[in-house]
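Contents: one structure, followed by commentary.
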Amino acid sequence: MTEEGDRSVFDRVERVYHPTWRALLGTVKALFTGKPLQLGYYESPTFRKRLNHLLPSHDMVLAHLVRTGQYLETREENPVVLEMTDALFVNYRRVIETNSWGWKNLIYRFEQPRMEQYEREVVDQFDLVSLVSDIDREALLSGNSADKENSNSISVYTNGIDLENRPYSKPNPDDPPVLAFIGNMRTVHNQDTCHYLIQEVLPQIRRRLPETELRVIGNAKERDIRALERHEGVEVTGWVDSIPKAARGALCGIGVMRMGAGLQNKILEYMALGLPVIANERGLEGIQAEPSRHVLLGSNPQEITDHVIRLASDHNERMRLSRAGRRFVEANHRWSKALQPMVEDINMMLSDHS
């Protein structure tokens, strides 16, 4: 099926229907081949055929994530770029390290070694591999199977933030003590953070500041919303039309992560909106913000609690971090600046292939 896309971005958008039965069949086949299950799930003969038809008429092809990169592993005619974003096996490893034993964790334990082997090997098949964090690049190059001689093709380009649609809002001293957490609640790493905050952090804060609330902003299943809101002091918005509106008036943004990989865009969103940020080291991966200067570093419930109490009682400190965070993203994470190194590298690659 062919549809016209947003002409400000694409001349044309083509969609290939991938039925559920075929996705499940591909997953079952992957079980017996050693292939990562995710790649099996997204294996589509129809998509592969259509892609092979289109490639000769294009100067370059960019694959978004390894699920589409699998279609280009042996491509020689065109320069090929893999926009990998992050190393999935790093995220899977961190999920396993939580020591929880739900069905998702079992799948990650099965999938992690397959994905690690695949990702470390496949990066050598592309002219350029794009990541958003040095942590992920180092992980990809740390194994014996990684080709260190080709490591220059693996580059790190930070993410940007749409500052026009993330307007700065000056903190108000009368704002209630609301902790904002922005994230898609259908992902395991955001679910984990919310459970951690609700079970280990929020009760400790509320003992010292009883009116404190946690506001979870992002897409979530209805049953998950109901389960989270059973806890006192927790509000879950679900899907919202405007993140800035939903986060307005919060005391701070929380970027404490135990799982996940790459770069946490929620940190950039908090800063752009003028929310002081409380994050741990994992939450700050890929972001060069300085603790104490741009963000507050909270590695455990006690440190997070102390930061929240201080922000609630010291409006000058809240204002200082609000302004510093906004200046930081304006200087380092405008899309025009964030994308420029990648644009230059792609232009150079195209020039070399011409």
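In this entry, residue 138 is excluded by the filter for residues that are over 30 Å from residue 55 (Cα atoms) and in contact with a Pro (Cβ under 8 Å, 6 or more places away or on another chain).
Tell me yes or no: at least one residue of the range 156-167 is crowded, with 19+ Cβ neighbours inside 10 Å and either farther than 30 Å from residue 344 by Cβ or more than 24 Å from the chain's Cα centre (by Cα) (or both). Taking every residue of the range 156-167 in turn, none turns out to be crowded, with 19+ Cβ neighbours inside 10 Å and either farther than 30 Å from residue 344 by Cβ or more than 24 Å from the chain's Cα centre (by Cα) (or both).
Rundown of residues vs (1) among the aliphatic types (A, V, I, L, M); (2) modelled with pLDDT under 90, yes/no style:
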| residue | (1), (2) |
| --- | --- |
| 42 | no, no |
| 48 | no, no |
| 54 | yes, no |
| 61 | yes, no |
| 65 | yes, no |
| 70 | no, no |
| 74 | no, yes |
| 77 | no, yes |
| 83 | no, no |
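In the set (1) of a type outside the set (Val, Ile, Thr); (2) assigned to a helix (DSSP H, G or I); (3) surrounded by 13 or more Cβ atoms within 10 Å (Cβ to Cβ); (4) modelled with pLDDT under 85, the condition left unmet by residue 113 is number (4). Applying the condition of being surrounded by fewer than 24 Cβ atoms within 10 Å (Cβ to Cβ) and small (Gly, Ala, Ser) to the range 258-271 and asking which residue is farthest from residue 189 (Cα to Cα) yields 262. For the range 208-234, the set of residues classified as under 13 Å from residue 195 (Cβ atoms) and assigned to a helix (DSSP H, G or I) consists of 224, 227, 228, listed by residue number. Total residues in the range 235-274 satisfying the condition of being closer than 15 Å to residue 158 by Cβ and of a type in the set (Gly, Ala, Ser): the figure is 3. The condition (being modelled with pLDDT of 95 or more and touching a strand residue (DSSP E or B) at 6+ places or on another chain (Cβ under 7 Å)) is satisfied by just one residue among 268, 209: 268. Annotation note: of 102, 160, the sole residue that is farther than 25 Å from residue 35 by Cα and not aliphatic (A, V, I, L, M) is 160. In the range 192-207, the count of residues that are farther than 19 Å from residue 306 by Cβ, assigned to a helix (DSSP H, G or I), touching a residue at least 24 places away in the same chain (Cβ under 8 Å) and basic (Lys, Arg) is zero.
Of all residues in the range 329-342, at least one satisfies being open to solvent by less than 70 Å² (accessible area, probe 1.4 Å), over 19 Å from residue 270 (Cα atoms), in a helix (DSSP H, G or I) and out of contact with any Gly (no Cβ under 6 Å at 6 or more places or on another chain). A Cβ distance below 6 Å, combined with a sequence gap of six or more or placement on separate chains, defines the contacts here; from the range 223-250, residues that are over 15 Å from residue 166 (Cβ atoms) and at pLDDT below 95 reach residues that are open to solvent by 30 Å² or more (accessible area, probe 1.4 Å) and in a loop (DSSP other than H, G, I, E, B) in the pairs 239/219; 249/175. If you go through the range 207-257 and pick out every residue that is open to solvent by less than 50 Å² (accessible area, probe 1.4 Å) and in contact with a Pro (Cβ under 9 Å, 6 or more places away or on another chain), you end up with 9.
When 301, 276 are checked against the criterion of being touching a Ser or Thr at 6+ places or on another chain (Cβ under 7 Å) and modelled with pLDDT of 95 or more, 276 stands alone in meeting it.
Residues are listed down the side, and each one gets a yes or a no for (1) among the β-branched types (Val, Ile, Thr); (2) assigned to a helix (DSSP H, G or I); (3) over 19 Å from the mean Cα position of the chain (by Cα); (4) under 30 Å from residue 112 (Cβ atoms):
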position: 236; (1), (2), (3), (4): yes, no, yes, yes
position: 240; (1), (2), (3), (4): yes, no, no, no
position: 245; (1), (2), (3), (4): no, yes, yes, no
position: 258; (1), (2), (3), (4): no, no, no, yes
position: 266; (1), (2), (3), (4): no, yes, no, yes
position: 296; (1), (2), (3), (4): no, no, yes, no
position: 299; (1), (2), (3), (4): no, no, yes, yes
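Checking the stated criteria, residue 322 turns out to be out of contact with any strand residue (DSSP E or B) (no Cβ under 7 Å at 6 or more places or on another chain), open to solvent by less than 10 Å² (accessible area, probe 1.4 Å) and either closer than 22 Å to residue 211 by Cβ or outside any helix (DSSP H, G or I) (or both). Count of the range 272-286 residues, restricted to those that are within 24 Å of residue 165 (Cα to Cα) and either more than 14 Å from the chain's Cα centre (by Cα) or open to solvent by less than 10 Å² (accessible area, probe 1.4 Å) (or both), is 9. Residues that are within 23 Å of residue 33 (Cα to Cα) and either assigned to a helix (DSSP H, G or I) or modelled with pLDDT of 90 or more (or both) do occur in the range 138-157.
The values are calculated or read from the model by the stated rules, or taken from the named source; none is laboratory data. Here the structure is a predicted model, which means the values were calculated and not measured. Positions of Cβ are backbone-derived with ideal geometry, glycine not excepted, and every protein chain shown enters the neighbour counts. Side chains are part of the model used for accessible areas, which takes the heavy atoms of the whole protein and leaves out ligands, DNA and RNA. Shrake-Rupley method; radii C 1.70, N 1.55, O 1.52, S 1.80 Å.
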